[in-house]
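As structure tokens, the structure follows; a few thoughts come after it.
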Amino acid sequence: MGIRSEYAVTEVISIILVIAIVTSAVTGILIWGVPYIEEKKAEAVASSALTQLISIDNVIENVISMGYNSSRYVNFLTDKGKISLGENISSDCDRLIIFYSLNSSFDFFVTDTDHDGRFDINVTDEPGSIIDGITYSFYTNITSQTPPEFSKTTISESSPIQNLLFPETGFDAVLMNITIPKGHLLLGQNPEIVVGRIWVLDLGHITYEITTNKNVYKLIFENEGVIQSNGDSSYLMHEPKIIERGQSYVFKILQLKTDDVSAYAAGNANYRLTFKFINTSVLESSTYVPRYIRIWTYGEYNDSWSRFFNLSLNYAQYQGEPDLLCLRGDKNFTIIQNLLDMDLDVIG
């Protein structure tokens, strides 16, 4: 009996060990293996999405070359994730605020001291003294004409301006002219001087997002570039083209508009993105900028644009501000705005 009992105990222990080993293996697969496989699948899907978003750049260039009212579509195929459209800073798009002086005897500066999107504007003379009595003129609602026409909406005659909030939505472009008016102490009866300009441009974007247990993969097509974001920081995976030849500096802006800022779709499907060309406007045409071209970057993914201007285009961070970039002037500056409508449909 003793020998049989020992055999029985041994068999029970063996069975328990086998069960424990199998359980551990299954648990390991569930805890580590399945999430790993899912993560790799998500990476593959995100990589495919990146390739498709980069290809949109060529489609848009083709639409623009075809002329006014032309349109083209591109299919975006994915088996998971979600895709959405946005057209302004209130829908998580990025905003570029470009400003520069046009007169070497005067300069002006746009400051966002509290990083809350509210700006102070100071105009200074060559010694650096702040000048009062400056005229600030807002122009909005760009038309389809070339050169573009604007409708004036606001005039203020106090300097400096404080806590200025630029328009949030509804504009393709906002222009602010900064002028020393005729009759000013500095000018007398001489003609007025336009000291400089500020452009406010919201970019518009297409966003693709896929979520796993560990990560959120987010890809954004914006201003001819493709951004990858992990929630904490973002990087340009595909950079737009800026043309610089000697003293000529051409800055292209792609603005994507949509009639439905809530356009959104998710899941395994074939999506169709349609682009319709509205207009190309030369906002600034070979205008001589004697001092600096400065850019504030704002929005959900502005760190990618700040890094692009800093590292790829040699803009310097101004006084340690990572989102305020500065390029030395002495350049003939051109800004070209391409405006397109975009739509999102599910076709299968």
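Coordinate-derived values only; no laboratory data. Just so it is clear, the structure is predicted and the values come from calculations on it, not from any experiment. Glycine gets a Cβ as well: all are built from the backbone with ideal geometry, and neighbour counts include every protein chain shown.
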Phi to ³J(HN,Hα) by Karplus 6.51 cos²θ - 1.76 cosθ + 1.60 over region 77-83, Hz, x for Gly, Pro: 10, 8, 9, 6, x, 9, 10
- line: Assertion target for Tyr68, Tyr73, ordered by fewest C-beta neighbours within 10 angstrom first, is Tyr68, Tyr73
message: Using Cβ contacts closer than 10 Å as the measure, can you line up Phe277, Phe221 from fewest to most?
response: Phe277, Phe221
- request: Please give the contour-minus-distance gain from Asn270 to Asp120: 0.36 nm per residue of separation, less the Cα-Cα distance, rounded to one decimal in nm.
  value: 49.3 nm
message: Please state the shape class of region 249-328: rounded when a/c is under 1.5, otherwise prolate if a/b exceeds b/c and oblate if not, all from the C-alpha gyration tensor.
response: oblate
- request: Rank-order 250-256, 318-324 by packing density, defined as the average count of other C-beta atoms within 10 Å over each peptide's residues, highest first.
  value: 250-256, 318-324
- request: Rank the residues Trp305, Trp199, Trp296 as a footprinting-exposure proxy: fewest other Cβ atoms within 10 Å of their Cβ go first.
  value: Trp199, Trp296, Trp305
message: Just to confirm a number: summing +1 for Lys and Arg and -1 for Asp and Glu over residues other than Gly231 whose beta-carbon lies under 11 angstrom from that of Gly231, what do you get?
response: -2
